[in-house]
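The values are calculated or read from the model by the stated rules, or taken from the named source; none is laboratory data. On a predicted model such as this, the values are computed, not experimentally measured, just so you know. FYI the Cβ positions are ideal-geometry reconstructions off the backbone, even for glycines, and counts take in every protein chain you see. In case anyone asks, the SASA skips ligands and DNA or RNA and just uses the protein heavy atoms, side chains included. Shrake-Rupley method; radii C 1.70, N 1.55, O 1.52, S 1.80 Å.
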Amino acid sequence: MFKSIALNVNYIAFDDIFILGVIPEFEKATLAEKWKLLTSLFPEHRLVFSRSVILILHKFFGTVNLVWPMIIANICWALCALVFYRAFKVLRLSNWYFVPVMWLWFNIQSFENIFWGVSSLCNFGVILFALCAMYFAVYQPGKVALSLFFAVMATFTYGNGLLVFPVIGFIFLFAGRPKQVLVTMAVTVVIAIIYFNDFTPITKSLDFTKPRQVQEGFLGFFGFIGSWATLAVYSTPHWRLYLAVAAGMVMIALFLILYRRQYLGLWNSAWLEEPYDNRMALFALAIVLFTGITALALTYKRIPTDMFEGMFKGRYRMYSILWCIALYFGFLSVSKAKTRKIGAPIILLAAVVMNLVILQSNFAEAVNNRRAAIAQEFNARYNADWLGLRMFSMDQLYFESIRTYYHSADPLAENWNPRANGTNLKCDSMYVPDEIALVNNQVMVGFYKDSFTSQGDYSDGAYVILKSADHVYASPPNQLAVPLKTSVRRLMYFAKGVYASFHEANVEPGVYDIYLLVRRNGGNIIYCTGKTWEEKE
C-alpha cells in the first residue's frame with residue numbers, strides 16, 4: 001500500500017514549505033538564529049524534530065526526497081509497536097495475546113500521517129517519544145534520565161508533547177518514587193520556560209462564557225477519544241460523528257469499570273503508603289492519561305477555530321486507537337486468567353474486523369488525496385496567481401526555489417506543454433463528459449460510464465484539465481468506493497466513473513476548454529471533450 005500510494009509521489013503540502021524554508025538560511029545563521037529558525041512560525045517550539053530531520057537529510061544528500069521523511073515517520077510508527085511489545089512481555093503471556101495490538105495499531109485511518117512528507121514526522125514522532133518516556137518511567141523508573149530525555153524529544157516534536165511530563169510525574173508518584181517526581185517537576189519547569197519563550201497565541205482558545213462553544217467542546221472531547229467509530233475519516237455522514245461521541249463515552253466508562261479494583265491501590269501509592277506494583281496496568285493508565293490530556297488540550301485550542309467537526313481530522317485518529325490499546329492492556333493486566341482466555345479471541349476477531357472495515361472505508365480517500373497532491377503541485381507551478389500560493393502569502397518564485405530541494409516530478413505535464421499559448425491541445429480522440437455543472441461553488445465534470453483503472457501506481461487516473469489562453473488547471477480524479485457488502489459480494493472496490501471538481505475561488509475569469517487527461521502506467525493520453533466552461537467572476 002505504501003509503495004503504490006506514497007513512493008511514486010514526491011509532492012509537498014504548502015504548510016510544509018515553511019519547514020523546508022529553513023534550509024537556505026540555516027548554514028549562514030548564528031547559533032541563536034539557528035534556534036529561532038528551528039522554532040519559528042508557531043508560538044510553541046514544536047517543529048524542532050521535523051526540521052532537524054530535514055536539515056540532516058539535506059546536509060548528507062544535498063537534496064530532500066520527500067519520500068525519505070515519510071519512511072522515517074513510518075519507522076517511528078513501527079517502533080511504537082515495539083514499545084507496546086516490550087511492555088506486553090512483562091505479563092509472560094503467549095504472543096497470540098499481542099496480535100490484536102498489531103491489528104489495532106496498523107490501520108489506515110491516519111493515512112494523512114502515513115503519506116505526508118514532513119507532517120508525518122510530527123504526528124508519529126511525538127507518539128513514539130511519548131510512549132518511550134512512559135515506558136521507561138513505568139518499567140525502568142531508576143533510569144529517570146532516559147524517561148525525561150524522551151519527554152524532551154516529544155516536547156520539541158509536536159504541540160502535545162509537553163503533556164507527557166505530568167503523565168510521567170504521576171507514574172513516578174504511583175510507583176512510590178518521590179525523588180523522581182521532584183526531578184521531573186524541576187525539568188518540566190525548565191523545559192516549559194524554554195518552550196513558551198516569546199509565546200504569542202495565534203489562535204483563539206475556548207471561551208467558557210459561550211454556551212455553544214462549551215457544548216461543542218464537551219461533545220468534541222468524547223468524539224476525539226471515540227473517533228475511530230466514524231470508520232471513514234472524511235466524507236462521512238454527520239450522524240457518525242455523534243456515534244463517535246457515544247463510543248468515546250463508552251470507552252471511558254469501560255476503562256473506569258475495568259480499573260474499579262485498582263483505585264484503592266493507586267490512592268495508597270499516591271500518598272506514598274505502598275507502591276503500585278502492576279506495571280502493565282500502570283502503563284495502560286499512562287496512555288489513557290496522555291490521550292485524555294491531549295483531548296482536553298485540543299478541545300481548548302481547536303474548538304473556536306474548527307468547531308466540533310474539527311476534532312475528527314485524520315491525523316488525530318491514532319489517539320483513539322491508543323485508548324483502545326490501553327483498554328486491551330488494562331484488560332490483560334487486571335483480569336483473571338479464565339476471563340483473559342475467553343475474552344482474547346473475541347477481542348482479536350473484533351480488531352481484525354475493525355481494521356478491515358476501516359481499510360475499506362478509507363483506501364479510496366487515501367488514493368484521492370495522493371492524486372490531489374499531484375494536481376495541487378501542477379496548479380501551483382503553472383498559475384502564479386493560484387489561490388494555494390496566495391493564501392500562504394507566497395509567490396511562485398519562492399515556491400520554485402523550494403522545489404529545488406525536493407525535485408518533484410511533473411507527471412501531468414508529460415507529452416505536452418502546459419505553458420503553451422492558446423487553448424488548443426493535440427488530442428488523441430473525443431471523450432464527452434456525462435456532466436458539467438456548478439454545485440456549491442464547485443465546477444463539477446463527471447465521466448461515469450467507464451472504469452479508469454490504475455496499472456502502475458496511483459498517480460494513474462483520469463485528470464480533468466481546464467485550459468484558457470492565460471491559465472491551466474488540473475483536477476484529480478475522485479473515485480468512490482462501492483459499499484462494503486458490494487466489495488464482499490463482487491470482490492471489487494472502486495465504483496465506475498470519476499468526477500473532477502474545481503472551486504470557483506481557484507479559477508480565474510475566462511473561457512476554458514475542457515480536456516480529459518488519462519494517465520496509464522506512466523504515460524498520458526489527452527482527450528478533447530468539445531466542451532467549454534466560462535468563469536465570469
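In table form, for the structure just shown:
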| read-out | value |
| --- | --- |
| Output for the range 503-537, where each listed residue is part of a strand (DSSP E or B) and either under 28 Å from the mean Cα position of the chain (by Cα) or among the charged types (D, E, K, R) (or both) | H503, D513, R519, R520, K531, E534, E535 |
| Of all residues in the range 402-429 being open to solvent by less than 50 Å² (accessible area, probe 1.4 Å), part of a helix (DSSP H, G or I) and modelled with pLDDT under 85, the one that is nearest to H471 (Cα to Cα) | R403 |
| Residue that is modelled with the highest pLDDT [pool: residues in the range 137-158 that are small (G, A, S) and open to solvent by 30 Å² or more (accessible area, probe 1.4 Å)] | A145 |
| Residue in the range 358-365 that is touching a helix residue (DSSP H, G or I) at 6+ places or on another chain (Cβ under 9 Å), open to solvent by less than 10 Å² (accessible area, probe 1.4 Å) and either closer than 30 Å to H407 by Cβ or among the polar types (S, T, N, Q) (or both) present | yes |
| Which numbered condition P433 misses (of (1) open to solvent by less than 20 Å² (accessible area, probe 1.4 Å); (2) in contact with an Asp or Glu (Cβ under 7 Å, 6 or more places away or on another chain); (3) assigned to a loop (DSSP other than H, G, I, E, B)) | (2) |
| Of residues in the range 323-343 being among the basic types (K, R) and free of Cβ contacts under 8 Å to residues at least 40 places away in the same chain, the one surrounded by the most Cβ atoms within 10 Å (Cβ to Cβ) | K341 |
| Selection from the range 240-298 of residues that are of a type in the set (D, E, K, R), free of Cβ contacts under 8 Å to residues at least 12 places away in the same chain and more than 23 Å from T339 (Cα to Cα) | R240, E273 |
| Residue pairs meeting the criteria (Cβ under 7 Å; at least 6 apart or on separate chains; first more than 10 Å from L231 (Cα to Cα), in the range 344-359; second in a helix (DSSP H, G or I) and open to solvent by 30 Å² or more (accessible area, probe 1.4 Å)) | A344/Y97; L348/V99; A351/W103; V352/W103 |
| Lone qualifier among A469, A500 - being out of contact with any helix residue (DSSP H, G or I) (no Cβ under 8 Å at 6 or more places or on another chain), loosely packed, with under 13 Cβ neighbours inside 10 Å and not in a helix (DSSP H, G or I) | A469 |
| Within the range 221-236, considering residues that are in contact with a Ser or Thr (Cβ under 8 Å, 6 or more places away or on another chain) and polar (S, T, N, Q), the one surrounded by the fewest Cβ atoms within 10 Å (Cβ to Cβ) | T236 |
| Unmet requirement for M280, which otherwise passes all of (1) touching a Leu at 6+ places or on another chain (Cβ under 9 Å); (2) surrounded by fewer than 22 Cβ atoms within 10 Å (Cβ to Cβ); (3) at pLDDT below 90 | (3) |
| The range 81-95 residues that are acidic (D, E), paired with ones that are open to solvent by 20 Å² or more (accessible area, probe 1.4 Å) (beta carbon under 9 Å, 6 or more apart) | none |
| Output for the range 300-322, where each listed residue is of a type in the set (G, A, S) and either crowded, with 22+ Cβ neighbours inside 10 Å or under 15 Å from S110 (Cβ atoms) (or both) | G314, S320 |
| Contacts under 6 angstrom Cβ, first residue in the range 160-187 being closer than 16 Å to F129 by Cα, partner open to solvent by 30 Å² or more (accessible area, probe 1.4 Å) and of a type in the set (S, T, Y), 6 or more apart | F165/T188 |
| Single match in Y448, Y398, Y405, Y463 (criterion: over 22 Å from V507 (Cβ atoms) and touching a Lys or Arg at 6+ places or on another chain (Cβ under 8 Å)) | Y448 |
| Which listed residue is touching a residue at least 12 places away in the same chain (Cβ under 8 Å) and either open to solvent by 60 Å² or more (accessible area, probe 1.4 Å) or under 23 Å from S4 (Cα atoms) (or both), from N506, N441 | N441 |
| Single condition F312 does not satisfy, out of (1) among the aromatic types (F, W, Y); (2) within 30 Å of S459 (Cα to Cα); (3) touching a Pro at 6+ places or on another chain (Cβ under 7 Å) | (3) |
| Test: F221 is aromatic (F, W, Y) and under 25 Å from the mean Cα position of the chain (by Cα) | yes |
| Residues of the range 248-265 classified as open to solvent by 90 Å² or more (accessible area, probe 1.4 Å) and not in a helix (DSSP H, G or I), total | 2 |
| From R240, R279, R212, R261, residue being farther than 30 Å from S335 by Cβ and more than 27 Å from the chain's Cα centre (by Cα) | R212 |
| Selected residue (criterion: farthest from A495 (Cα to Cα)) from residues of the range 446-466 that are among the polar types (S, T, N, Q) and open to solvent by 40 Å² or more (accessible area, probe 1.4 Å) | Q455 |
| Selection within the range 375-401 - under 23 Å from E25 (Cα atoms) and either crowded, with 19+ Cβ neighbours inside 10 Å or charged (D, E, K, R) (or both) | L389, R390, D395, F399, E400 |
| Qualifying helices (runs of 4 or more DSSP H) (wholly inside the range 48-123; at least 2 residues being over 24 Å from G161 (Cβ atoms) and open to solvent by 10 Å² or more (accessible area, probe 1.4 Å)) | 48-61, 99-105 |
